[in-house]
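Novice: To start, I am sharing the structure in question, which I have written as structure tokens.
The values are calculated or read from the model by the stated rules, or taken from the named source; none is laboratory data. Since we're looking at a predicted model, the values are computed, not measured. Positions of Cβ are generated from backbone atoms using ideal geometry, with glycine treated the same way; all protein chains shown enter the neighbour counts. Side chains included, ligands, DNA and RNA excluded: accessible areas come from the protein's heavy atoms. Shrake-Rupley method; radii C 1.70, N 1.55, O 1.52, S 1.80 Å.
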Amino acid sequence: MYYMRITDYADELLSALDELPGWPERVKTMQANWIGKSHGVTFGFPYELDGEPKQLRVFTTRADTIMGVTFCAVAAEHPLATRLAQDNPALADFIDECKRGSVMEADLATMDKKGMATGFHVRHPLNGEQVEVWVGNYVLMSYGEGAVMGVPAHDERDFAFAKKYGLPIQQVVEADGKTFSLDAWQDWYADKDNVRCVNSGKYDGLDYAAAVDAIAADLEALGVGGKEVTWRLRDWGISRQRYWGTPIPIIHCPDCGAVPVPDEQLPVVLPEDLVPDGSGNPLAKTPSFVNCECPRCGQPARRETDTMDTFVDSSWYFIRYACADNTDAMADARVNYWLPVDQYIGGIEHAILHLLYSRFWTKVMRDTGLVDFGEPFKRLLTQGMVLNHIFYRRSDKTGIQYFAPDEVELAHDETGRITRVTAKADGQEVHYDGIGTMSKSKRNGVDPQSLIETYGADTARFFIIFTSPPEQTLEWSEAGVKGSFRFLQRFWAFTVEHAAAIQQESAARSGQYADYQYAADFRHSHPAHAALRLETHTHLQQATFDLERQQFNTVASAAMKMLNALQAAGDFPAGPARQTLHESMSILLRVLAPITPHVAHVLWQELGYAGDILDADWPTLDEEALVRDSITLAVQVNGKLRAQIEVAADADRASIEQSALNAPNAQRFIDGKTIRKVIVVPGKLVNIVC
RNA sequence: GCCGGAGUGGCGGAAUGGCAGACGCGCUGGACUCAAAAUCCAGUUCAGGCAACUGAGUGUGGGUUCAAGUCCCACCUCCGGCACCA
């Protein structure tokens, strides 16, 4: 039987984040914070109780301040607190109060630092002094050792605590030019940089790192402590006391203990006829489910009634997709072929739990030999929410009344700014409440079905992709949707108009479409269309670059630019010009295909290209199309744009400099000054410094 | 409080240190129309100018650079996450 603890994987879950370049930094940071690796020192304060020598263990990241300890504080749930409360009713009451208080979430943020002295003392391991133990409501049992050393001079929380209860405050760290005062907390008291130990005996003068090293070594020599790493991440217990979950296939036998359900009895299926009564786990009250025989010795036994946390299933469902028909194993060889997932898409709300559990689970499957990869998702995209405008009217009778965006009329001033909103129904004014998440109550949602019926799925897809990057929130806009619709209509009309001509042309060439498309020799094409090819391939270059870096809105705009260029190019008479059109169309269609697959599919066939567009390759960039005879350079004088010059593409530096200096408008700003330097950025600009 | 991210026209947003505002929406003017819608053409950062052009301009203040929306430092605001983490 395996025991797999997520905390055992904390180190790898943290360090492997560096090997996930396809994940957003934001998510990786959130996971790193959640795992919360902390380097410090764990050590014990020796004491004797009930005739036995013991240690009060504490964790600290500031071992360098150890000589400033003036008290210790333990959590209410700490065993020492429990033991001391046996002889101290007041303390027992206080502990009860703490335990009650900590449940109240609302109070947690504002809760006062409260504590109570126990009258019990432990011994400082390095200077032998007696240190009183307090119970503090701000000490967490679940982090570190559930106990802390109190150094009020150099920890803001301890400072407040000491001031409140009149505990001694001992400065043990100093910084140049700073004065320590007991009056009020100052931020530098807790600095680790540019400080040194003071009032710390043999450690005086050491900086943070040296002091921690020396103190950790001394504690180790005394056998009471040493350096340690502590994690914020807690263990993940996967069992839940409820019906609705995956059964845990274990049988409890009085003699054999926990016995796995044999393979031939799997899967364990939940009973479907039980009636939950709202108290406890209904499975435990269902004898037909609970009562069974021990698979090992055959005597009556009890089936496990806890079920698994739903995060278990979501941690590896994607692995199962690759081997869904395998009834004998969790995974088989096909999984290693299909996974890890190339591109995972989900909401940001899964940034920590689901995505961390999945990473853990995958590593467990790797270590048990089930799969041979350790990270489940190569690339992650966390998409944003969809927002829309909110309009409402407040009235005494009906209260607040929301208006859907298509129920109002907007008036603008001459700059396009919204000046007045009125209801279409009654012409009366409506209040505009800005942009917010779509919700039924605010009546600003959009029904995808009616959108698809009005404009088609491709328009919706194009609008969503074009309007904003997917990981950002998307502001819905009816006008924007119409704009996308307009583009697709323009694209459709243009294509259909030229399809007939292209088909004729093709017929004349015995239907050799595929060859026509890919093997065209454009060196002899119409000179007027070299400009179109230049544009098409320039936009293709941008689209390819943006697709690579997952910036899809500019892929959509590249497609728009291609259509604009095609429409501006004018006529396409038969012959080489038609060939240029044919190539540009094939590129445009393939760039659009991922965004508007339906439109692209139909038009691809309309134009008679070979095969299905789904199988067509992403267009290849023709470097030759990007070659131009002359180029336009910007001319700057002292970094300010002053002129444009046209130079031969292969012009040398000297002649570029000369034309720049001769540019009339540049002349005006150079005149009478000494030219100190001329910077030429090939293909871009010339900067004249004077 | 700590850790991220962001701040660019009226709006959504482009810009691989090298011409800020691509592309689109909206708006303005025009064409077509009996008229409207649709479509097409032109204009649209702000200020000045008939124009050529000039000045200012990417949250604020500094810095690096021939050149900064982009890099560095400090600050402000907003969004998200974590939050008594020792």
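Novice: Hey, among A:331, A:324, A:284, which residue is touching a Leu at 6+ places or on another chain (Cβ under 9 Å) and of a type in the set (Gly, Ala, Ser)?
Specialist: On the way: A:324 fails: touching a Leu at 6+ places or on another chain (Cβ under 9 Å); A:284 fails: touching a Leu at 6+ places or on another chain (Cβ under 9 Å).
Among A:331, A:324, A:284, only A:331 is touching a Leu at 6+ places or on another chain (Cβ under 9 Å) and of a type in the set (Gly, Ala, Ser).
The rows are residues; the columns are (1) open to solvent by 20 Å² or more (accessible area, probe 1.4 Å); (2) at pLDDT below 85; (3) over 23 Å from residue A:597 (Cβ atoms).
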site	(1), (2), (3)
A:420	yes, yes, yes
A:437	yes, yes, yes
A:461	yes, no, no
A:470	yes, yes, no
A:482	yes, no, no
A:490	yes, no, no
A:500	yes, yes, yes
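Novice: Report yes if some residue within segment A:586-596 is small (Gly, Ala, Ser) and away from RNA strand B (no atom under 16 Å from the Cβ); otherwise report no.
Specialist: Residues of segment A:586-596 that are small (Gly, Ala, Ser), as a first pass: A:586, A:593.
Now narrow it down to the ones that are away from RNA strand B (no atom under 16 Å from the Cβ): A:586, A:593.
The answer is yes; a qualifying residue exists.
Novice: Something else now. I'd like to know if segment A:251-258 contains one or more residues that are touching an Asp or Glu at 6+ places or on another chain (Cβ under 7 Å) and either without any contact (Cβ under 8 Å) to a residue 40 or more places away in the chain or open to solvent by 50 Å² or more (accessible area, probe 1.4 Å) (or both).
Specialist: Yes, segment A:251-258 contains a residue that is touching an Asp or Glu at 6+ places or on another chain (Cβ under 7 Å) and either without any contact (Cβ under 8 Å) to a residue 40 or more places away in the chain or open to solvent by 50 Å² or more (accessible area, probe 1.4 Å) (or both).
Novice: Just to be sure, is residue A:491 touching a helix residue (DSSP H, G or I) at 6+ places or on another chain (Cβ under 7 Å), more than 9 Å from RNA strand B (Cβ to nearest atom), within 19 Å of residue A:387 (Cβ to Cβ) and aromatic (Phe, Trp, Tyr)? So that I can check it myself, show each step before the final result.
Specialist: Details: touching a helix residue (DSSP H, G or I) at 6+ places or on another chain (Cβ under 7 Å): yes; more than 9 Å from RNA strand B (Cβ to nearest atom): yes; within 19 Å of residue A:387 (Cβ to Cβ): no; aromatic (Phe, Trp, Tyr): yes.
Answer is no for this residue.
Novice: Every residue in segment A:263-285 that is under 27 Å from residue A:328 (Cβ atoms) and open to solvent by 30 Å² or more (accessible area, probe 1.4 Å), please.
Specialist: Here is the first cut: in segment A:263-285, the residues under 27 Å from residue A:328 (Cβ atoms) are A:263-272, A:283.
Once the filter is applied, which keeps residues that are under 27 Å from residue A:328 (Cβ atoms) and open to solvent by 30 Å² or more (accessible area, probe 1.4 Å), segment A:263-285 yields A:263, A:264, A:265, A:266, A:267, A:269, A:270, A:272.
Novice: Now, a different point. Scan segment A:150-190 residue by residue and report those that are touching a His at 6+ places or on another chain (Cβ under 9 Å) and within 12 Å of RNA strand B (Cβ to nearest atom).
Specialist: Here is the first cut: in segment A:150-190, the residues touching a His at 6+ places or on another chain (Cβ under 9 Å) are A:171-173, A:189-190.
Hit for segment A:150-190 is A:190, nothing else.
Novice: If residue A:379 satisfies all but one of (1) open to solvent by 50 Å² or more (accessible area, probe 1.4 Å); (2) touching a strand residue (DSSP E or B) at 6+ places or on another chain (Cβ under 9 Å); (3) closer than 30 Å to residue A:441 by Cβ, what's the number of the condition it fails?
Specialist: In the conditions (1) open to solvent by 50 Å² or more (accessible area, probe 1.4 Å); (2) touching a strand residue (DSSP E or B) at 6+ places or on another chain (Cβ under 9 Å); (3) closer than 30 Å to residue A:441 by Cβ, residue A:379 misses (3) alone.
Novice: Right, something else. Scan the strands (runs of 3 or more DSSP E) fully inside segment A:580-690 and keep the ones with 2 or more residues being open to solvent by 90 Å² or more (accessible area, probe 1.4 Å).
Specialist: Answer list for segment A:580-690: A:640-648.
Novice: Within segment A:201-256, work out how many residues are under 25 Å from residue A:6 (Cα atoms) and among the aliphatic types (A, V, I, L, M).
Specialist: Residues that pass the stated criteria total 6.
Novice: For segment A:194-223, enumerate the residues that are over 39 Å from the mean Cα position of the chain (by Cα), more than 10 Å from residue A:173 (Cα to Cα) and touching a residue at least 24 places away in the same chain (Cβ under 8 Å).
Specialist: Across segment A:194-223, the qualifying residues are A:201, A:203, A:215, A:218, A:219, A:222.
Novice: Against the condition part of a strand (DSSP E or B) and not charged (D, E, K, R), how does residue A:319 come out, does it pass?
Specialist: Numbers: part of a strand (DSSP E or B): no; not charged (D, E, K, R): yes.
Here the answer is no, as residue A:319 does not meet what is asked.
Novice: Name the residues in segment A:126-145 that are without any contact (Cβ under 8 Å) to a residue 60 or more places away in the chain and either within 7 Å of RNA strand B (Cβ to nearest atom) or outside any loop (DSSP other than H, G, I, E, B) (or both), would you?
Specialist: Correct list: A:130 only.
Novice: Taking segment A:310-365 only, how many residues are touching a helix residue (DSSP H, G or I) at 6+ places or on another chain (Cβ under 7 Å), within 16 Å of RNA strand B (Cβ to nearest atom) and open to solvent by 40 Å² or more (accessible area, probe 1.4 Å)?
Specialist: 2
Novice: Cβ-Cβ distance below 6 Å, separation of 6 or more or different chains: which pairs start in segment A:277-300 with a residue that is more than 21 Å from residue A:263 (Cβ to Cβ) and end on one that is open to solvent by less than 80 Å² (accessible area, probe 1.4 Å) and in a loop (DSSP other than H, G, I, E, B)?
Specialist: Once the first residue is more than 21 Å from residue A:263 (Cβ to Cβ) and sits in segment A:277-300, its partners that are open to solvent by less than 80 Å² (accessible area, probe 1.4 Å) and in a loop (DSSP other than H, G, I, E, B) give A:281/A:305; A:282/A:243; A:282/A:274; A:283/A:243; A:283/A:305; A:284/A:305; A:286/A:271; A:286/A:274.
Novice: Select from segment A:146-172 the residues that are assigned to a loop (DSSP other than H, G, I, E, B) and among the small types (Gly, Ala, Ser) and write down the one among them that is farthest from the chain's Cα centre (by Cα). Show your work before the answer.
Specialist: Of segment A:146-172, the ones assigned to a loop (DSSP other than H, G, I, E, B) are A:146, A:151-155, A:166-172.
Filter once more, so that each one left must be among the small types (Gly, Ala, Ser): A:146, A:153, A:166.
On the way: A:146: 32, A:153: 38, A:166: 46 Å.
In this case the residue turns out to be A:166.
Novice: With respect to residue A:545, is the statement that it is within 28 Å of the chain's Cα centre (by Cα), of a type outside the set (Val, Ile, Thr) and under 20 Å from residue A:459 (Cα atoms) true?
Specialist: On the way: within 28 Å of the chain's Cα centre (by Cα): yes; of a type outside the set (Val, Ile, Thr): yes; under 20 Å from residue A:459 (Cα atoms): no.
No, not satisfied.
Novice: May I ask you to list the residues in segment A:135-155 that are surrounded by fewer than 22 Cβ atoms within 10 Å (Cβ to Cβ) and of a type in the set (A, V, I, L, M, F, W, C)?
Specialist: A:140, A:141
Novice: Something else now. Looking at segment A:156-173 only, could you name the residues that are acidic (Asp, Glu) and surrounded by 18 or more Cβ atoms within 10 Å (Cβ to Cβ)? Show your work before the answer.
Specialist: Going through segment A:156-173, the residues acidic (Asp, Glu) turn out to be A:156, A:158.
Across segment A:156-173, the qualifying residue is only A:158.
Novice: Could you grab me the full set of residues in segment A:548-571 that are more than 9 Å from RNA strand B (Cβ to nearest atom) and touching a residue at least 12 places away in the same chain (Cβ under 8 Å)?
Specialist: Applying the first criterion (more than 9 Å from RNA strand B (Cβ to nearest atom)) to segment A:548-571 yields A:548, A:550, A:552, A:555, A:562, A:565-566, A:569-571.
Correct list: A:550, A:552, A:555, A:562, A:565, A:566, A:569, A:570.
Novice: Sticking with this one: If the requirement is being out of contact with any helix residue (DSSP H, G or I) (no Cβ under 9 Å at 6 or more places or on another chain), within 14 Å of RNA strand B (Cβ to nearest atom) and not basic (Lys, Arg), which of these qualifies: A:666, A:649, A:660? Quick ask: steps written out before the conclusion?
Specialist: Working: A:666 fails: out of contact with any helix residue (DSSP H, G or I) (no Cβ under 9 Å at 6 or more places or on another chain); A:660 fails: out of contact with any helix residue (DSSP H, G or I) (no Cβ under 9 Å at 6 or more places or on another chain).
Just a single option satisfies the conditions, and that option is A:649.
Novice: Which one of the conditions (1) within 11 Å of RNA strand B (Cβ to nearest atom); (2) open to solvent by 10 Å² or more (accessible area, probe 1.4 Å); (3) small (Gly, Ala, Ser); (4) out of contact with any helix residue (DSSP H, G or I) (no Cβ under 7 Å at 6 or more places or on another chain) does residue A:32 fail to meet, given that it meets all the rest?
Specialist: Tallying (1) within 11 Å of RNA strand B (Cβ to nearest atom); (2) open to solvent by 10 Å² or more (accessible area, probe 1.4 Å); (3) small (Gly, Ala, Ser); (4) out of contact with any helix residue (DSSP H, G or I) (no Cβ under 7 Å at 6 or more places or on another chain), residue A:32 fails exactly one: (4).
Novice: Which members of segment A:601-622 meet the condition of being under 37 Å from the mean Cα position of the chain (by Cα) and in contact (Cβ under 8 Å) with a residue 24 or more places away in the chain?
Specialist: Correct list: A:613, A:616, A:617, A:618, A:619, A:621, A:622.
Novice: Here is a further query. Report, by residue number, each residue of segment A:293-309 that is of a type in the set (A, V, I, L, M, F, W, C) and surrounded by fewer than 18 Cβ atoms within 10 Å (Cβ to Cβ). Give the steps one after another, and end with the answer.
Specialist: Keep residues of segment A:293-309 that are of a type in the set (A, V, I, L, M, F, W, C), which gives A:294, A:297, A:301, A:308.
Once the filter is applied, which keeps residues that are of a type in the set (A, V, I, L, M, F, W, C) and surrounded by fewer than 18 Cβ atoms within 10 Å (Cβ to Cβ), segment A:293-309 yields A:297, A:308.
Novice: In segment A:330-357, what residues are in a helix (DSSP H, G or I), more than 22 Å from residue A:5 (Cβ to Cβ) and over 12 Å from the mean Cα position of the chain (by Cα)?
Specialist: Result: A:333, A:334, A:335, A:336, A:337, A:338.
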